[in-house]
Amino acid sequence: MSSNIYDFSTLTGSIHTWLSGMMSSGWVIFTEMVLVGLIFLLMYALLGLFLVYLERKVCAIMQNRVGPNRVGKWGLLQTIADLIKLLLKELIPIRKSDALLFNLAPFIVIICSFLAMAALPYAKGLQAIDFNIGVFYIMAVSSLSVVGILLAGWASNSKYSLIGAMRSGAQIVSYELSVGLSLLAIVVFSGTMQLSGIIESQANGWWIFKGHIPAFISFVIFLIASTAEINRGPFDLAEAESELTAGFHTEYSGIKFAFFFLAEYMNMFIVAALGATIFLGGWMPFHVGNWEGFNQIMDYIPSVVWFFTKTFFIILIIMWFKWTFPRLRIDQLLTLEWKYLLPISLFNIVLIAFIVLMGWHF
Amino acid sequence: MMSEEIIKDVIVGEQEDYLINLGPQHPSTHGVLRLEVCLKGETVKYLNPHIGYIHRGIEKMCEALTYQQIIHLTDRMDYLSAHINNEAVSMIVEDALQVEVPERVKYIRTILDELNRIASHQLWWCAFGMDLGALTTFFYGLRDREHILDIFEESFGSRLLHSFVCPGGLMHDVHPNFQKRTKEFIKYFRTKLPEYDQLLTGNIIFQNRSKGIGYMSRETAIGYGVTGPSGRGSGFSCDVRKIAPYGAYDKVRFNEILETEGDVFARYKVRMAEMHESLSIIEQLIDNIPEGDFTAKMKPIIKLPAGEYFRRVETARGELAVYVVSDGNKTPYRMKFRTPNFSNLFVMNEIASGYKIADLIAISGSLDLVIPDIDR
Amino acid sequence: MNSIAQYFTDLFKGLSTLWAGMRVTGKYFFSPGAIVTQQYPENRKTLKMEERFKGEIIMPHDENNLHACTGCGICEINCPNGSIEILTDRVANAEGKLERVIDKHIYHLSMCTFCGLCVKTCPSDALAFGQEFEHAVFDRSKLTKVLNQPGSKIRKEAK
Amino acid sequence: MLTQEELTDIVRSFVPESVFPEGTQLLEVVVPAEKYFLLIEKLKSDQKLSFNYLISQTAVDFTSNMTVVCHLESTEFRYLMVVKVILTDRENPAIDSLTALYPTAEYFEREIFDLFGIRFNNHPNLKRLFLEDDYGYPLRKDFRDEVNMIER
């Protein structure tokens, strides 16, 4: 395999050596952490804003509308204007609410999605921390956000919020299983939980192509279950605009509401990125067997571009779901999980284990 | 102090009842309706509708207005079938004075009735989809409804509240383009209706959400006086167009859509089928509008002979009955509107108890309530 | 066995209905030509209302600043909301007789429901519907309009 | 199908005191208040009539009396009938409730109570429907509201 020409480890390595020349190793680590943190914060905010814009544009076009088009070219600055508005809005304290938990909840939600971003490989050599249990880590961290949602619902002292939060709890706890099992399928294939390892194992073909039909089934299950896990339509029962007005964040205003809003979109980005990494080869270019010329051309496209293209492809699919389907009812939601997704994914895992055992995969 | 009293007043159930107020401002009540819902977990134990937030006293206002002036008030009851409401009052005056309305007027009124019915059902379809969380339906429905509203605007000058009918006929003749544009619309909408089915009717999530929910038996429907598509979804044959044909309905062939399941999906199917049926009614009439006058000869001041008059029409939501007591003056002595939504609303407690709160939204959506029509 | 077959047919049937819906939205996603939104303030120049559009009540004046209103007050009687008030004067005409002419034809746009009764019943066709629809103002009193232009006179029909 | 005369005879056999005014648009019957519930119960349960659909129930204030007007329809035979009760006591008018026969009557009667102040005996939940508790009865002819009413 020809080495990827856009390897970020050379860049990060040179920054590291440059910093090491200036200060002691402890300070180097500290400076690097601050730098990485700042970059992530910036990326978090920009990506979140862009995703909100994207969602509004995508749904507008699907609905024969134009979408935001007044602020900036094609309305690109619309979400920034919205952000400024949200920053300036009054934070309304709720009477008889639990002030500590009420204020804590948005931070829990946003910190969880922030944590998960750290382990994602954005390009070759561009990954904040490469755990050897990366998949497990992201799973664990992203499911923590349910705590924030539950707290928000409980502390709001609002009946709508409470119902929304309880729904969300039931939903995330059950769908976590399917997400886990569908990711486990690829872990079984590649034999590692390290995200960089999983990507390396897809150098000669993505798992969705290499893993026969079981991998494809896992991919579909992952799409459905992760849509449910991030509380997006058709599984947006926790918000359920027409039933619970806004569910768990009914009582939030201003920047605290913006936190929930941003976290929701970033969670969507995280699951899409995870799906792209695990099933679609992450930053790996698209290669076809022995077509050397074709593969060469593909290698010239930077790995960052590959990663974001795949991620946004999955994001588009998730948005397409939301803007097409009606919402499920809570019991149907659980039926779908426990009667369809879970048995199928369990069976799928057994099948994959068998395939791996026989060495039938590529 | 004050608020505590109000809270005490609101909580009438048992101690452990989990009461929530759905409305008066809530995305799915389509207006200012308050449903006091008692929940057990997610299940609705009972509910109690509170109305009157936009009670304007139309019946009292009518007592001070002449019959021509009343027309514009009826627009504002069920604003989505404004034309049909207008027609009801006009017909009761024509009945009382025994005026023979020109054939042309009858044809045009019937076509407009059906266009209005389609527009109303389209808006219901979009709002119903949105109640269930399918937000895209809203824009597709409104996109197609715009074509009807454009036809209305061209002929009447207004899109929603067109006081176009007056006792004896019409305010003025329809626009010369009316026939052409209506035919264009029929052709256009025939291509869009299959999309509605693909997007919502066939959708497995939608079917699971609506089948077997909000069961209303035929007896319940008759007992509560639930008419219109909601009643016909329970097998209650209540189409006034068939029972007592008015306008040009005796000259067209159409079916009364009846479903027997009585659930939300049955009511949905009735409305979808009614759109097809309305299209075919318009198709039968649009080419045969006779030439003639657009209004009968009426005196400028209308005085109904003393007596009582009763007239029923089929609006998009059910049976609108108008009851007038006249003492021979130019204003009515008493005017009563039996509006369809008033009766349709109060069946909610009966059919929504025992279902989930998400079903409650679907049920209230399937009854297709227009709140100003309830309050009047 | 049968139930297992049922399970999978249900599953695939369900998925196919979902796909049918996604095809519709997907089709519109890839056909931006289907966008129906009108860009309102931008298209003001080209925006043309229907000729019968009921925007407001106006009293048409001709080039000599003449109108047709005799001040009979029928529109005032017929208005269900009391949005028309007519103030009349008695002015001596050429023959020295006192004749009724309108001083002010006051129209409260804020109370008007556009039922069209005034336009329909006017015996001299002095009123008409205007096409203007941008009625938003910052002060409610601006919605009270005087329909006859200052210095305007009644048009004398050639008898 | 029964003719108007046959219908009249059947009603008269139920309530001999009933009066049938002449020259009305629909078949009308005026019954005394105490026989009102009985008549409608029989109209509903009779196999030949089965007036099972209460189209509308309302009241009219004739200043000398209050009249409660019910429009009934038989969904099976499509008969229409108007049942009227004249209540001469304008201060405290009271009449039996039809809620036991037609569930929809519960709300029609609440509306009548709200707007006319007619009380219904045996009504399960006789509260005002639209207006505040101390508003008065606006559809009575002697109702005056100095603030909100403009006399013309």
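With the checklist (1) farther than 26 Å from B:G141 by Cα; (2) more than 14 Å from chain B (Cβ to nearest Cβ); (3) free of Cβ contacts under 8 Å to residues at least 24 places away in the same chain in hand, flag the one item C:T9 doesn't pass.
Just one mismatch for C:T9, condition (2).
State whether the residues of segment A:264-279 include one that is within 30 Å of B:L35 (Cα to Cα), under 18 Å from the mean Cα position of the chain (by Cα) and assigned by TED's automatic domain parsing to the domain that holds A:G134.
The answer is no, given that none of the residues of segment A:264-279 is within 30 Å of B:L35 (Cα to Cα), under 18 Å from the mean Cα position of the chain (by Cα) and assigned by TED's automatic domain parsing to the domain that holds A:G134.
Quick check on this structure: which one of B:I118, B:I108 is more than 12 Å from the chain's Cα centre (by Cα), more than 25 Å from B:H55 (Cα to Cα) and crowded, with 24+ Cβ neighbours inside 10 Å?
Only one candidate passes the filter, namely B:I108.
What are the pairs with Cβ atoms under 9 angstrom where one residue, in segment A:256-273, is over 15 Å from A:A246 (Cβ atoms) and the other, located anywhere, is of a type in the set (K, R)? Sequence gap at least six, or different chains.
A:N267/A:R232; A:M268/A:R232; A:A272/A:K310; A:A273/A:K310
Return the pairs, sorted by first residue and then second, in which the second residue is among the hydroxyl-bearing types (S, T, Y), the first residue lies in segment D:100-115 and is within 19 Å of D:L43 (Cβ to Cβ), the beta carbons are less than 6 Å apart, and the residues are 6+ apart or on different chains.
These pairs meet every condition: D:P103/B:Y224; D:T104/B:Y224; D:T104/B:S343; D:A105/D:T99; D:E106/D:T99; D:E109/D:S97.
Of the residues B:T260, B:T295, B:T191, B:T201, only one is surrounded by fewer than 15 Cβ atoms within 10 Å (Cβ to Cβ), of a type outside the set (K, R) and over 30 Å from D:L54 (Cβ atoms); which?
B:T191
From A:S174, A:S218, A:S161, which residue is part of a helix (DSSP H, G or I), within 14 Å of chain B (Cβ to nearest Cβ) and of a type outside the set (F, W, Y)?
Exactly one residue qualifies, and that residue is A:S161.
Looking at B:G231, is it without any contact (Cβ under 8 Å) to a residue 24 or more places away in the chain, at negative phi, crowded, with 16+ Cβ neighbours inside 10 Å and not in a loop (DSSP other than H, G, I, E, B)?
Considered against the rule, which asks whether it is without any contact (Cβ under 8 Å) to a residue 24 or more places away in the chain, at negative phi, crowded, with 16+ Cβ neighbours inside 10 Å and not in a loop (DSSP other than H, G, I, E, B), B:G231 comes out as no.
Residue check: is B:P372 surrounded by 19 or more Cβ atoms within 10 Å (Cβ to Cβ), within 13 Å of another protein chain (Cβ to nearest Cβ) and touching a Gly at 6+ places or on another chain (Cβ under 6 Å)?
no
Only one of B:I213, B:I205, B:I222 is closer than 30 Å to B:Y355 by Cα, touching a Pro at 6+ places or on another chain (Cβ under 7 Å) and aliphatic (A, V, I, L, M); which?
Within the list B:I213, B:I205, B:I222, the selection yields B:I205.
Every residue, every condition in (1) modelled with pLDDT of 85 or more; (2) of a type in the set (F, W, Y), yes or no:
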residue: B:G292; (1), (2): no, no
residue: B:A296; (1), (2): no, no
residue: B:V322; (1), (2): yes, no
residue: B:Y355; (1), (2): yes, yes
residue: B:S364; (1), (2): yes, no
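Given the condition part of a helix (DSSP H, G or I), away from chain C (no Cβ under 14 Å) and under 24 Å from B:P340 (Cβ atoms), answer yes or no: does some residue in segment B:192-214 qualify?
No, because not a single residue in segment B:192-214 is part of a helix (DSSP H, G or I), away from chain C (no Cβ under 14 Å) and under 24 Å from B:P340 (Cβ atoms).
Give the residues of segment B:221-241 that are more than 18 Å from B:T339 (Cα to Cα) and either within 17 Å of the chain's Cα centre (by Cα) or facing another protein chain (nearest Cβ under 10 Å) (or both), sorted by residue number.
B:G233, the sole residue that qualifies.
Considering C:R52, C:R23, which residue is touching a helix residue (DSSP H, G or I) at 6+ places or on another chain (Cβ under 8 Å), within 14 Å of chain B (Cβ to nearest Cβ) and touching a residue at least 60 places away in the same chain (Cβ under 8 Å)?
Among C:R52, C:R23, only C:R52 is touching a helix residue (DSSP H, G or I) at 6+ places or on another chain (Cβ under 8 Å), within 14 Å of chain B (Cβ to nearest Cβ) and touching a residue at least 60 places away in the same chain (Cβ under 8 Å).
Conditions (1) at pLDDT 85 or above; (2) acidic (D, E); (3) in the same structural domain as C:K120 (by TED's automatic domain parsing); (4) under 42 Å from the mean Cα position of the chain (by Cα), marked per residue:
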residue	(1), (2), (3), (4)
C:Y7	no, no, no, no
C:F12	no, no, no, no
C:T17	yes, no, no, no
C:E42	no, yes, no, yes
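Residue-by-condition table, conditions (1) within 16 Å of the chain's Cα centre (by Cα); (2) exposed (fewer than 14 other Cβ atoms within 10 Å of the Cβ); (3) away from chain B (no Cβ under 14 Å):
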{"site": "D:E22", "(1), (2), (3)": "no, yes, no"}
{"site": "D:L27", "(1), (2), (3)": "yes, no, no"}
{"site": "D:E34", "(1), (2), (3)": "yes, yes, yes"}
{"site": "D:F37", "(1), (2), (3)": "yes, no, yes"}
{"site": "D:I55", "(1), (2), (3)": "yes, no, no"}
{"site": "D:D61", "(1), (2), (3)": "yes, no, no"}
{"site": "D:V68", "(1), (2), (3)": "yes, no, no"}
{"site": "D:L72", "(1), (2), (3)": "yes, no, no"}
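Can you pull out every residue in segment C:26-49 that is within 13 Å of chain B (Cβ to nearest Cβ) and in a helix (DSSP H, G or I)?
Matches in segment C:26-49: C:G26, C:K27, C:Y28, C:F29, C:A34.
Conditions tested, residue by residue: (1) within 14 Å of another protein chain (Cβ to nearest Cβ); (2) of a type outside the set (A, V, I, L, M); (3) buried (at least 16 other Cβ atoms within 10 Å of the Cβ); (4) without any contact (Cβ under 8 Å) to a residue 40 or more places away in the chain.
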residue: C:L66; (1), (2), (3), (4): no, no, no, no
residue: C:P80; (1), (2), (3), (4): yes, yes, yes, yes
residue: C:I84; (1), (2), (3), (4): yes, no, yes, yes
residue: C:R100; (1), (2), (3), (4): no, yes, no, yes
residue: C:S110; (1), (2), (3), (4): no, yes, no, yes
residue: C:G116; (1), (2), (3), (4): yes, yes, yes, no
residue: C:A126; (1), (2), (3), (4): no, no, yes, no
residue: C:V137; (1), (2), (3), (4): no, no, no, yes
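Residue check: is B:T260 at negative phi and either part of a helix (DSSP H, G or I) or under 19 Å from the mean Cα position of the chain (by Cα) (or both)?
No.
Write out, first by first residue and then by second, each pair whose Cβ atoms fall under 7 Å of each other, whose residues are 6+ apart or on separate chains, and whose first residue, in segment A:56-77, is touching a residue at least 60 places away in the same chain (Cβ under 8 Å) and within 14 Å of chain B (Cβ to nearest Cβ) while the second is surrounded by fewer than 18 Cβ atoms within 10 Å (Cβ to Cβ) and not in a loop (DSSP other than H, G, I, E, B).
These pairs meet every condition: A:V58/A:L316.
The values are calculated or read from the model by the stated rules, or taken from the named source; none is laboratory data. No experiment lies behind these values; they were computed from the predicted model shown. All Cβ positions, even for glycine, are placed from backbone atoms using ideal geometry, and neighbour counts span all protein chains on display.
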